[in-house]
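Visitor: Got a structure for you, written out below as structure tokens; questions coming shortly.
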Amino acid sequence: MSDLDSTRVAVVGASGYSGAELIRILLSHELAELVCVTSRAESGRKLSEVFPRFRGVERAEAIKFIEPTIDLIIGSGAEVVFLALPHGVAAEYAGPLVDSGLKVIDLSADFRISDPEVYADFYEADHPDPDRLSDAVYGLPEIRPNEIAESKLVASPGCYPTSIILPLIPILQEGLIDDSSIHVVSMSGTSGAGKKADAALLFAECNESVRPYSVPKHRHLSEIEQELSLAAGNNVTISFTPVLVPVTAGICSIIYATSRDGSRNDDVKGALENKYSEAPFVRLLGESSPPDTKNVTQTNFIDISWSYDKRSDRFILMSAEDNLIKGASGQAIQSFNLMCGFDQTTGLVI
């Protein structure tokens, strides 16, 4: 066991898929003390009653869901709060909690986009707290570990963006591709849509079917293009096609981009290795070794591989991750570890 003191944590919106994964990880995290879980629908019920897989877990049996009010969250004694809430709702909690001295990790989109006009364009509503956007850090632990460690408000990235941004950032920073040529196809399991009731997500509708959706303007494009533009040093616009596939969890992204100035596989390999050699949850599979979602589900790893197609002069970058873990809760725990001064792998090692 570590000689560091544990940190008291709350999960707001704990009854959804990402909230459930947060709870699962936090219950086994040796330096986290789960003191508060909230849900309007489940208020008053024991954690182990709502999630029977936690039956018999001592730490889970002692916790009950409470109403998600600011006063109750603060009164729980939590030092760090995870917001697993819909966009537009999370911001209502983030500001008051940060102002009360708590650290906040927001899993919604509310603080991912630095420009409120871009947020309004993609989310079809005015930003609920634009004055606080400059205080938030976009929480990619592999890219901004120091900024995350010092932040009071971390905007944890979306699942699709994580699978696309991490392979591309080193390539763009090295100028290895034509940044106007990027095309992405990403396939995701149905849990990515959340726990809401939706006829389009019924088993009979999704099973044995593959379905593109939100074409051509998925909401996650806003943060993807923001981060890619920062890496490239100019505005980057990409084509993105998300595809729903009949699995519960997992994302596989395939990224196409034209080579620049004769760049080849060795250049891509060098850029990725230089960027991620110290990143504990990035696994570089090498050239022409496609990733497989079965090797990353239920883990916090992202697997990345690449290939060069000399016929079209294009690079093909490939990644796989668990959308609920590396694409959501696990990545949020990485940020939590950095904010608390813990090793970022704490609680996340298989």
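Visitor: Antiparallel DSSP bridges in segment 159-323: what percent, to the nearest 5?
Guide: Values: 25 of 36 bridges.
Counting DSSP beta bridges with both partners in segment 159-323, the antiparallel share is about 70 percent.
Visitor: What is the pair-distance distribution P(r) of segment 85-138, computed from all Cα-Cα distances in 5 Å bins starting at 0, with each bin given as a whole percent?
Guide: Binned Cα distances yield the sequence 4, 22, 35, 26, 9, 3, 0.
Visitor: Contact order normalised by length for segment 1-50, with contacts defined as Cα pairs under 8 Å and 6 or more residues apart; what percent is it?
Guide: Values: 57 pairs, mean separation 21.1, N = 50.
Relative contact order of segment 1-50: 42 percent.
Visitor: Based on C-alpha coordinates, I'd like the Rg and Dmax of segment 9-48, in Å.
Guide: 9.7, 29
Visitor: For the chain, what proportion of DSSP beta bridges, expressed in % and rounded to the nearest 5, is antiparallel? Walk me through the numbers on the way to the answer.
Guide: On the way: 26 of 58 bridges.
Just about 45 percent of them are antiparallel.
Visitor: Rounded to the nearest 500, what is the chain's calculated 222 nm mean residue ellipticity when only DSSP H runs of at least 4 contribute -39500 (n - 2.57) each, over all residues? Don't jump to the answer; show the numbers that get you there.
Guide: On the way: 12 runs with 103 residues, N = 350.
When only DSSP H runs of four or more count, the value is -8000 deg cm²/dmol.
Visitor: Further question: What is the magnitude of the charge dipole of segment 7-135 about its Cα centre, with +1 placed on the Cβ of each Lys and Arg, -1 on the Cβ of each Asp and Glu, and no other charges, expressed in debye to the nearest 20? Write down the numbers at each step before the final one.
Guide: Values: 12 positive and 22 negative charges, 186 e Å.
Computed charge dipole of segment 7-135: roughly 900 debye.
Visitor: Hey, another quick one. Relative to the Cα centre, what is the charge dipole magnitude of the chain, using +1 at the beta carbon of each Lys and Arg, -1 at the beta carbon of each Asp and Glu, and rounding to the nearest 20 debye?
Guide: Taking the Cα centre of the chain as origin, the dipole is about 1020 debye.
Visitor: Give a residue-ordered list of calculated ³J(HN,Hα) values for segment 248-254 (Karplus: 6.51 cos²θ - 1.76 cosθ + 1.60, θ = phi - 60°; whole Hz; x for Gly, Pro).
Guide: Result, ordered by residue: 6, 9, x, 10, 10, 10, 10 Hz.
Visitor: Stick to Cα atoms and the Kirkwood definition of Rh, then tell me Rg/Rh for segment 1-81. Working shown, then result.
Guide: Working: Rg = 11.9 Å, Rh = 12.6 Å.
Rounded to two decimals, Rg over Rh is 0.95.
Visitor: Also, quick follow-up: Can you report the principal axis dimensions of segment 285-340 using only the alpha carbons, biggest first, rounded to whole angstrom?
Guide: Cα extents, longest axis first: 48, 23, 15 Å.
Visitor: Once you treat every alpha carbon in segment 159-323 as an equal point and sum by Debye, what is log10 I(q)/I(0) at q = 0.17, 0.19 Å⁻¹?
Guide: So the normalised log intensities work out to -1.01, -1.22.
Visitor: Hey, what's the Cα Rg ratio for segment 237-350 versus the globular rule of thumb, 2.2 N^0.38 Å?
Guide: Details: Rg = 15.5 Å, N = 114, 2.2 N^0.38 = 13.3 Å.
Against the empirical 2.2 N^0.38 Å value, I get 1.17 for segment 237-350.
Visitor: Over the chain, what per residue volume does the convex hull of the Cα atoms give, in whole Å³? Kindly include the intermediate steps, with their values, before the conclusion.
Guide: Values: hull volume 48.3 nm³, N = 350.
Here the figure is 138 Å³ per residue.
Visitor: What number, in percent, do you get for the relative contact order of segment 7-135 if the mean sequence gap of Cα pairs under 8 Å and at least 6 apart is divided by its residue count?
Guide: Relative contact order for segment 7-135 comes out at 22 percent.
Visitor: If you don't mind, another one. Give me D for segment 126-218 in µm² s⁻¹, whole number, from Stokes-Einstein with Rh from the Kirkwood sum over alpha-carbon pairs, 20 °C and 1.002 mPa s.
Guide: For these conditions, the coefficient is 129 µm²/s.
Visitor: Kindly provide the trypsin sites (Lys or Arg not before Pro) of segment 227-335 that DSSP labels as loop, not H, G, I, E or B, and whose Cβ sees at most 16 other Cβ atoms within 10 Å. Can you show the working numbers first?
Guide: Values: sites: Arg260, Arg264, Lys269, Lys275, Arg283, Lys294, Lys310, Arg311, Arg314, Lys326; in loops: Arg260, Arg264, Lys310, Arg311.
Sites meeting the loop and neighbour criteria: Arg264, Lys310, Arg311.
Visitor: Which chymotrypsin sites (Phe, Trp or Tyr not before Pro) in segment 228-294 pass both tests, a DSSP loop state and at most 15 other beta-carbon atoms within 10 Å?
Guide: Details: sites: Phe240, Tyr256, Tyr276, Phe281; in loops: Phe281.
In loop regions of segment 228-294 (DSSP not H, G, I, E or B), there are no sparsely surrounded chymotrypsin sites (Phe, Trp or Tyr not before Pro).
Visitor: Still on this structure, I have one more. What whole-number value in cubic angstrom gives the convex hull volume per residue for the C-alpha atoms of segment 7-135?
Guide: 102
Visitor: The chain: longest stretch without exposed GluC sites (Glu not before Pro) (DSSP loop, at most 13 other Cβ within 10 Å), sites themselves excluded?
Guide: Values: sites that count: Glu30, Glu124, Glu208, Glu278.
With GluC sites (Glu not before Pro) excluded where exposed in loops, the chain gives 31-123 as its longest stretch.
Visitor: Hey, another quick one. Please tell me the relative contact order of segment 200-350 in percent, rounded to the nearest whole number, where contacts are Cα pairs under 8 Å and at least six residues apart. Walk me through the numbers before you get to the answer.
Guide: Details: 222 pairs, mean separation 30.4, N = 151.
Relative contact order of segment 200-350: 20 percent.
Quick note: the coordinates plus some simple rules give every number you see, no bench work behind them. Please read all numbers here as calculations on a predicted model, not as lab measurements. Cβ sites come from the backbone with ideal geometry, for glycine too, and all protein chains shown count toward neighbours.
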